[in-house]
Amino acid sequence: MNSQIGDVQIDLVTGSRRISNFFWALILSSGALGFSSVGFSSYLQEDFLPFLSAEQILFVPQGLVMFFYGTAGLFISFYLWCTIWWNIGSGYNKFDKKKGVFTLFRWGFPGKNRRIFIRFLIKDIQAIRMEVREGFLSDKVIYIKMRGQQDVPLSHIEEYSTLKEMEGKAAELARFLKIPIEEGV
C-alpha cells in the first residue's frame, strides 16, 4: 500500500504479520506439541492425548528423540510467534522531493536499536533496480541503487505476487523520482 501527496510518497512495508507466517507458526507449534507429548507419554507409559498413542514407543531412544525434537520445535515456534508479535520488518519508505530526502524506517527486534531509521539524499539515488530469480526459491526484490553505497532493498520476497505487479510498482517509483529502471540478475 502506498500514498502520494504532492511531492511526498509513502510506501508501507509489510513485516512478519503475514498469513504465511501465521500458518507456519501454527503448524510448527502443533507439531512440536505433538512430538513433545508423545515423548513425555513414552516416559510415563501413559497416554496424554487419546489420538497420540505412545504404547509402542520406548522412552530410550525413540521417546527421548521425539521429546528433544518437540522441545526444539517449541523454541523455534516461540521465536516465530515473537517475530509476528513484534512485527519485525514492518515500516515504511518515504520519498520527500521537497526536502530532498529518502527515509527508510523498519521495526527490528526489541532493544536499544529496535527502530531502524535511515535517511538518504534523493540526489544520490541513481536508479531503481529490479532483481528476479526464478526457480524453486523464487525471489523478487526492488532495490534503490545509490551512488557510492550498497543497493538498498525496498521490498520483501512475498510482497509482489506477480512480475507485472512488481514492474508496475518499480515504474511508479521511477516516474515519481524521475530516474531510470535497471534490471538485475
task = Give the total of Lys-Lys pairs in the chain with Cα-Cα distances below 16 Å; include a pair only if its members are 8 or more places apart or on different chains.
result = 17
request  = Based solely on C-alpha atoms, express the radius of gyration and the Dmax of region 58-114 in angstrom.
outcome  = 20.6, 71
inquiry  = For a Förster distance of 25 Å, can you work out the FRET efficiency between the beta-carbons of Leu52 and Ile76, rounded to the nearest 0.05?
reply    = 0.80
query = Put +1 on the Cβ of each Lys and Arg and -1 on the Cβ of each Asp and Glu in region 45-185; which of Gly89, Ala54, Phe176 then has its Cα farthest toward the positive end of the dipole?
reply = Phe176
query = Which of the listed residues, Ile19, Trp107, Val8, is farthest toward the dipole's positive end in the chain, when Lys, Arg count +1 and Asp, Glu count -1 at the beta-carbon?
reply = Val8
Highest-fluctuation residue, Pro153, Pro110, Pro61 considered, GNM on the chain with Cα pairs under 10 Å = Pro61
inquiry  = Only helices at least 24 Å long along their own axis, judged from Cα atoms, and with Kyte-Doolittle mean hydropathy of -1.0 or greater: name those in the chain from DSSP H.
reply    = 19-44, 64-86
note = For the chain the mean separation of alpha carbon contacts under 8 Å (6+ apart) over residue count, i.e. relative contact order in percent, is 18 percent
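Any read-out appearing in this document is the output of simple, stated calculations on the displayed coordinates, not a laboratory observation. Keep in mind that what you see is a predicted model, and the values were worked out from it rather than measured. Counting neighbours? That spans all protein chains shown, and the Cβs are built from the backbone with ideal geometry, glycine included.
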